[in-house]
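For reference, the structure is listed below as structure tokens.
The values are calculated or read from the model by the stated rules, or taken from the named source; none is laboratory data. Because the structure is a prediction, the values reported are computed rather than measured. Cβ coordinates were reconstructed from backbone atoms using ideal geometry, including for glycine residues, and neighbour counts include every protein chain displayed.
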Amino acid sequence: MGLISTSRRIPPRIRVDGELRPFENLPALGAANTKQLCYSILTDAQKHRFEESLELSFSFGIKNIARFPGNLFNQRGSVAGVFNDQAKMVLQQSRRTHKN
């Protein structure tokens, strides 16, 4: 697994073996839902920067687990996002470290 992608009118997708595939049983998101999903992980300052430039590279974290790099951009007048799934690798490394 790797990249997670979301944009309006398309179900969220994940890259598996180099191919973007839709998540099973998830419907396509409308523009408002896509924006809400993407904004839910941003700080107020990040939201402001995104609204000024219509693009944003950032990362968000889960304490003691991992940091996730992400990119938001404007696609056909709506918010879209791409998020990298590096947590799995980091979590596996963390578990190995704590076992020793």
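Applying a threshold of 6 Å to beta carbon distances and a minimum spacing of six or more residues, or different chains, the list of pairs starting in region 47-73 at a residue that is within 13 Å of residue 83 (Cβ to Cβ) and ending at one that is part of a helix (DSSP H, G or I) and of a type in the set (Lys, Arg) reads 56/49. Number of residues in region 29-65 that are of a type outside the set (Asp, Glu) and either under 21 Å from residue 13 (Cα atoms) or under 11 Å from the mean Cα position of the chain (by Cα) (or both): the value is 20. For region 2-100, the helices (runs of 4 or more DSSP H) that sit wholly inside it and include 1 or more residues that are at pLDDT 85 or above and of a type outside the set (Val, Ile, Thr) are 31-39, 44-53. For region 1-26, which residues satisfy the criterion of being farther than 12 Å from residue 72 by Cβ and touching a Pro at 6+ places or on another chain (Cβ under 6 Å)? Listed by number, the residues that qualify are 11, 13, 22, 23, 26.
Against the conditions (1) touching a Lys or Arg at 6+ places or on another chain (Cβ under 6 Å); (2) closer than 13 Å to residue 80 by Cα, residue 22 satisfies every one except (2).
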